[in-house]
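We did not get these values from a lab; they are worked out from the coordinates using the rules stated. No experiment lies behind these values; they were computed from the predicted model shown. Because the Cβ atoms are built from the backbone with ideal geometry, glycine has one as well, and the counts that use them run over all protein chains shown.
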Amino acid sequence: MPRAAERMSRVDTAWLRMDNDVNLMMIVGVWMLTPAITLQALRERIGDKLLRYPRFHQKAVQGAIGAEWVEDDAFDLEAHVVPALLQPRPGESERHALQRLCGELAMQPLDPGRPLWQFHLIDGYQGGSAMIARVHHCIGDGIALISVMLSITDGGGNPPEREVPDDTPDSDWLQDAVVKPLAVLAIKAIKLSGSGASKALDAVDDPLQRLLGSVGLARTGLKVARDAAALATLADDSPTLLKGRPAGRKVVAWSEPMPLDPVKTIGKALGCTVNDVLLACVAGAMGHYLQDRGDDPAGKSIRAMVPVNLRPLEEAWQLGNRFGLAPLVLPIGIDHPLQRLFAVRQGMAELKESYQPLLAFAVLSASGLFIQSVQDAVLGLFAKKATAVMTNVPGPAVPLKLCGATLRQNMFWVRASGDIGVGVSILSYGGGVQFGLITDEALCPDPQSMIDLFEPEFEKLLLLTLMLPWPGQADA
């Protein structure tokens, strides 16, 4: 019996409509496998595991008042799991050819008449196989898609059975208790600036008290409103070579894995998180990349929109998008690694106390109700406030296998919206941590040169940490 059409959530609808001529809303990833696997084995695994998730055999159909998930009666697995040929140019390495292909596929639209995903299997890459995965963001966010991708590995689990399709995807605690009231506040705050924002904050206390029902929660509501105004009245980001109008041609790069244990040790020694340490290295690499190209970063900082997960990890299999965005300040103008690290730590601490991720989710959810031009205008505000999108995703601590082959290395690239032209991905896997970059050719034509600066930044931080006076040492 065919499944009934399911209404797409408003936030997923917003992501569906967010494609433009310079940024397609596809999450792109690559898996490098040893030894090689066959196309037939991969298709069998996808058919057995991935298709247990309804979203992967449903089409996204847009209508006048939203979008729906509709069963693809003509679903053809062979159109979604396809062979790909790597064709290195003269003097080009296999690695660079794979990076070039990933960049090209990142701007190749998926077929809107089919479910919005595709896997490309390359035979013979470095003696094994490489698999490039492309999945539209409307199907799920990064956390959800990593959970689903893990299910296709050897021994991966199946999703829990859902007896009745969820026809009210927005009707959850986040939507009813928080998003609906805060969307109104956030969108109103977008229109405010200067003293207007201050007056609005003074006037919002009583309605929030009635809404939230207690003095303590009303104070929380007031903080939410202040965070909404702060988010809406952010100044445009600092001008650098990384900020401008993209051309719509993508270039990707990745680093080799760096041991994760030393990163944890430095974080513990300095009272910082692993995230703080890695982000400080990113900021340092970006600053030195700009400096090497004559764009002096001294005294500058840039913002990166950082996705913040808003749901329990055990519910990631449900797919969809359940994350907010928070503007993280990257102090690219601070040259001293320790000072830069502590500046990042302070910024992260402030974000942890902020409601801005929730407000960003509210705006995205509400924008799914608007006509396309209004949605584009609202989301364009985020693009002006930031230079990059950045995400840090923890992966399995031990290497995985797919169809008997070892997944020796993997990377994915976070997608940027609007006119943002830089995406930074940090992924831990198998005891190591990797950095990935996807950039627009007009803004950063050689992302590998920036990637190659990340590990030296960590080494400088490690050296300075070892030189610090520790308890028990004689005072210098």
Inset, instruction - Name the long-range amide H neighbours of Ile302: under 5 Å, sequence gap of 5 or more, or other chain; modelled H, no Pro or chain starts. - result: Leu330, Ile332
Legend entry - Neighbour-count order for Leu453, Leu319, fewest beta carbons within 10 angstrom listed first: Leu453, Leu319
Legend entry - Phi to ³J(HN,Hα) by Karplus 6.51 cos²θ - 1.76 cosθ + 1.60 over segment 247-260, Hz, x for Gly, Pro: 9, x, 10, 9, 10, 10, 7, 8, 9, 6, x, 10, x, 7
Legend entry - Amide H partners (placed H, <5 Å) of Asn392, local residues excluded: Ile426
Legend entry - For segment 273-288, Karplus couplings with θ = phi - 60° (6.51, -1.76, 1.60), whole Hz, Gly/Pro x: 8, 4, 4, 4, 4, 5, 5, 5, 5, 4, 4, x, 5, 5, x, 6
Inset, instruction - Collect residues whose amide H, placed 1.01 Å from N in the peptide plane, falls under 5 Å from the amide H of Ala84; neighbours closer than 5 in sequence don't count. - result: Leu121, Ile122, Asp123
Inset, instruction - Using the Karplus curve 6.51 cos²θ - 1.76 cosθ + 1.60 with θ = phi - 60°, work out ³J(HN,Hα) for each residue of segment 135-151 in order, rounded to whole Hz, and write x for Gly and Pro. - result: 9, 5, 4, 5, 6, x, 8, x, 4, 5, 5, 5, 4, 5, 4, 5, 5
Inset, instruction - Take Val308, Val30, Val135 and order them by how many other Cβ atoms sit within 10 Å, fewest up front. - result: Val308, Val30, Val135
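For the residues Met450, Met467, Met305, what sequence is obtained by ranking on other C-beta atoms within 10 Å, fewest first?
The fewest-first ordering by Cβ neighbours comes to Met467, Met450, Met305.
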Legend entry - Across Lys49/Lys268; Lys268/Lys352; Lys250/Lys352; Lys300/Lys352; Lys300/Lys460, pairs whose alpha-carbon gap is larger than 28 Å: Lys49/Lys268; Lys250/Lys352
